[in-house]
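I have placed the structure first, in the form of structure tokens, so that the comments after it can refer back to it.
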Amino acid sequence: MFEKVQDYPVDPIMIGAEYFAQDPRVDKLNLTVGIYQDGDGKTPVLNAVKLAEQRLIDSQTSKSYLALTGDAEYCRALGEAILGAPLYDDFVAAQTSGGAVALRVMADLLSQMPNRPTVWLQAPTYGNYVPILTAAAAPFRTVPYYDPLACTILFDQMLEGLKDARSGDVFLMQGICHNPTGADMTPEQVGALLDLLESRGIVPWIDLAYLGFAQGFTADCDTARKIAARFPECVICITLSKSFGIYRDRAGALYIKTKPADQPRIQRAVSAIVRSGPSHAPDHGPSVVRTILEDASLKSLWLEELEQMRQRVMQVRRSIAETERQAFGRSALGYLADQSGMFSLLPLTAAQETALTQSHGIHVAKGGRVNVARLSAADIPFLIRAFHDVTSEA
């Protein structure tokens, strides 16, 4: 029987990690996997998280199941932190195992509709969107978003592509710290995009994976709040892996805004989809988040630590631009200083990307995506020198 199973595509991030592990060189650099690291190359456990965990150990009285849609207080605390209390009341909410499950539950819901809407994606975009939509059998199409070689957003082309969308279709976008490009739309561009979505009856679906890493937590919630206030129907997916540094503890959420009369039916639909798939979300990470958000002192400490992570990533970006300009007399990577979040695309051809790994031991995700948050001060000249070598050879 099992000999009939066809070969499945492997996540390019996992392929990159495997190649890195097999590389025998000592002076190699892994910029593939999407985790935050400090200047010493460690992924720290935040002090706010440690304190919240200890409080849970001391106070938690049961490990019994929660509802299929998870802890209502967690969903409320997170939803109100992101959207504000009045806006949150219009949403159906579910606690999920990270953002990927929130995306999959929503994809399943769209796929099960009698007239399946098309999900419109930016290209390039987060590498797991297509596998999730494909597994759910949810129809999707793409519109241009970014030119990796010119290092510019293709905003007009994106809007032009969306003119083919029908009323009731869905546009899946990232709110801040765009993965993989690092290039976020300006507020004016966001406004123009929302105008188009509203005029054409396209439902916005916003994915928030890096809250706090762009302009700060409150500012990073702005686009989600504008969407929630403006649209009668919208979708918000959240993952807190990066924002709280709780990658393996899987804290996420799904929020669906719909008309009040539809909310009970959507709640039942989400519960049924969760039951047929993940069944119940793990609760440790979400309980940590709820504990932090509901305690003023812990929340203040967490926001301070989140700001420190944001500042480090910004400093790495500035250091790349400054080091290249001062030590190499060039500014081919200067655009990195104007981008946000952990990821960006190096302007490399496929051959140059291969040379970067084979000749210099710098491992990047397919398409030239690098995690700048994994760079130490000593790594930056190494990366710049290797980048210039492979681009000069061409």
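Just for the range 339-358: of the residues that are touching a helix residue (DSSP H, G or I) at 6+ places or on another chain (Cβ under 7 Å) and free of Cβ contacts under 8 Å to residues at least 40 places away in the same chain, which one is surrounded by the fewest Cβ atoms within 10 Å (Cβ to Cβ)?
A355
Given the residues D184, D220, D147, which is the only one that is in contact with a Leu (Cβ under 7 Å, 6 or more places away or on another chain), at pLDDT 95 or above, closer than 22 Å to A81 by Cβ and not hydroxyl-bearing (S, T, Y)?
Working: D184 fails: in contact with a Leu (Cβ under 7 Å, 6 or more places away or on another chain); D147 fails: closer than 22 Å to A81 by Cβ.
On inspection, the qualifying residue turns out to be D220.
Suppose we filter S297, S340, S344 for residues that are part of a helix (DSSP H, G or I) and modelled with pLDDT of 95 or more; which single one remains? Before the answer, list the steps.
Working: S340 fails: part of a helix (DSSP H, G or I); S344 fails: part of a helix (DSSP H, G or I).
Step by step, each of S297, S340, S344 is checked, and only S297 is part of a helix (DSSP H, G or I) and modelled with pLDDT of 95 or more.
Taking the range 222-264, which residues are hydrophobic (A, V, I, L, M, F, W, C) and in a loop (DSSP other than H, G, I, E, B)? Break it down into steps so the answer makes sense when it comes.
At the first step, the residues of the range 222-264 found to be hydrophobic (A, V, I, L, M, F, W, C) are 224, 227-229, 231, 234-238, 240, 244, 246, 251, 253-254, 256, 261.
Scanning the range 222-264 gives F231, L240, I246, A251.
Is at least one residue of the range 317-325 in a loop (DSSP other than H, G, I, E, B), at pLDDT 95 or above and surrounded by 22 or more Cβ atoms within 10 Å (Cβ to Cβ)?
Let us first name the residues in the range 317-325 that are in a loop (DSSP other than H, G, I, E, B), namely none.
Checking the range 317-325: not a single residue is in a loop (DSSP other than H, G, I, E, B), at pLDDT 95 or above and surrounded by 22 or more Cβ atoms within 10 Å (Cβ to Cβ).
Give the range 164-175 a look and list any residue that's modelled with pLDDT of 95 or more and not polar (S, T, N, Q), or say none.
The answer is D164, A165, R166, G168, D169, V170, F171, L172, M173.
State all residues of the range 100-139 that are assigned to a helix (DSSP H, G or I), under 19 Å from I266 (Cα atoms) and not aliphatic (A, V, I, L, M); if no residue qualifies, say none.
Of the residues in the range 100-139, the ones assigned to a helix (DSSP H, G or I) are 100-111, 129-135.
If we keep only those that are under 19 Å from I266 (Cα atoms) too, we end up with 101-111.
Correct list: R104, D108, S111.
Quick check on G329: is it in the same structural domain as G39 (by TED's automatic domain parsing), in contact with a strand residue (DSSP E or B) (Cβ under 9 Å, 6 or more places away or on another chain), surrounded by fewer than 19 Cβ atoms within 10 Å (Cβ to Cβ) and farther than 21 Å from D40 by Cα? Outline the logic, then answer.
Numbers: in the same structural domain as G39 (by TED's automatic domain parsing): yes; in contact with a strand residue (DSSP E or B) (Cβ under 9 Å, 6 or more places away or on another chain): no; surrounded by fewer than 19 Cβ atoms within 10 Å (Cβ to Cβ): yes; farther than 21 Å from D40 by Cα: yes.
No, not satisfied.
Of all residues in the range 150-166, count the ones that are in contact with a strand residue (DSSP E or B) (Cβ under 9 Å, 6 or more places away or on another chain), surrounded by fewer than 14 Cβ atoms within 10 Å (Cβ to Cβ) and in a loop (DSSP other than H, G, I, E, B).
1
Scan the range 119-147 for residues that are of a type outside the set (A, V, I, L, M, F, W, C) and surrounded by 19 or more Cβ atoms within 10 Å (Cβ to Cβ) and report the count.
Here is the first cut: in the range 119-147, the ones of a type outside the set (A, V, I, L, M, F, W, C) are 122, 124-129, 131, 134, 139, 141-142, 144-147.
This time we only want the ones that are surrounded by 19 or more Cβ atoms within 10 Å (Cβ to Cβ), so: 122, 124-126, 129, 145-146.
Residues flagged as of a type outside the set (A, V, I, L, M, F, W, C) and surrounded by 19 or more Cβ atoms within 10 Å (Cβ to Cβ) within the range 119-147 amount to 7.
Just checking, does the range 204-217 include any residue being more than 30 Å from Q308 (Cβ to Cβ), touching a strand residue (DSSP E or B) at 6+ places or on another chain (Cβ under 8 Å) and surrounded by fewer than 17 Cβ atoms within 10 Å (Cβ to Cβ)?
So in the range 204-217, the residues more than 30 Å from Q308 (Cβ to Cβ) come out as 204-205.
Going one step further and asking which of them are touching a strand residue (DSSP E or B) at 6+ places or on another chain (Cβ under 8 Å), we end up with 204-205.
Applying the additional criterion that residues be surrounded by fewer than 17 Cβ atoms within 10 Å (Cβ to Cβ) yields none.
Checking the range 204-217: not a single residue is more than 30 Å from Q308 (Cβ to Cβ), touching a strand residue (DSSP E or B) at 6+ places or on another chain (Cβ under 8 Å) and surrounded by fewer than 17 Cβ atoms within 10 Å (Cβ to Cβ).
Could you grab the pairs with beta carbons closer than 9 Å, sequence gap of 6+ or different chains, first residue in the range 203-216 and free of Cβ contacts under 8 Å to residues at least 60 places away in the same chain, second one in a loop (DSSP other than H, G, I, E, B) and surrounded by fewer than 23 Cβ atoms within 10 Å (Cβ to Cβ)?
Going by the 9 Å Cβ cut-off, the qualifying pairs are P204/F231; P204/E233.
Check A261, A253 and return the single one that is under 15 Å from F91 (Cβ atoms), of a type in the set (A, V, I, L, M) and crowded, with 21+ Cβ neighbours inside 10 Å.
A253
With respect to G368, determine if the residue is modelled with pLDDT under 95 and within 27 Å of D147 (Cα to Cα).
On the way: modelled with pLDDT under 95: yes; within 27 Å of D147 (Cα to Cα): yes.
Criteria met by G368.
Contact list please: Cβ distance under 6 Å, first residue in the range 280-307 and closer than 24 Å to Q37 by Cβ, second residue of a type in the set (V, I, T) and not in a helix (DSSP H, G or I), pairs at least six apart or on different chains.
G285/I246
In contact with an Asp or Glu (Cβ under 7 Å, 6 or more places away or on another chain) and either assigned to a helix (DSSP H, G or I) or without any contact (Cβ under 8 Å) to a residue 40 or more places away in the chain (or both): does that describe R275? Give the derivation first.
On the way: in contact with an Asp or Glu (Cβ under 7 Å, 6 or more places away or on another chain): no; either assigned to a helix (DSSP H, G or I) or without any contact (Cβ under 8 Å) to a residue 40 or more places away in the chain (or both): yes.
When the stated conditions are applied, R275 does not pass them.
Over 15 Å from the mean Cα position of the chain (by Cα) and either under 30 Å from L293 (Cβ atoms) or not assigned by TED's automatic domain parsing to the domain that holds Q112 (or both): does that describe P148?
Values: over 15 Å from the mean Cα position of the chain (by Cα): yes; either under 30 Å from L293 (Cβ atoms) or not assigned by TED's automatic domain parsing to the domain that holds Q112 (or both): no.
No: the conditions fail for P148.
The values are calculated or read from the model by the stated rules, or taken from the named source; none is laboratory data. Model, not experiment: these values are computed from the prediction. Quick reminder, even Gly has a Cβ in these numbers, built from the backbone with ideal geometry, and neighbours come from all protein chains shown.
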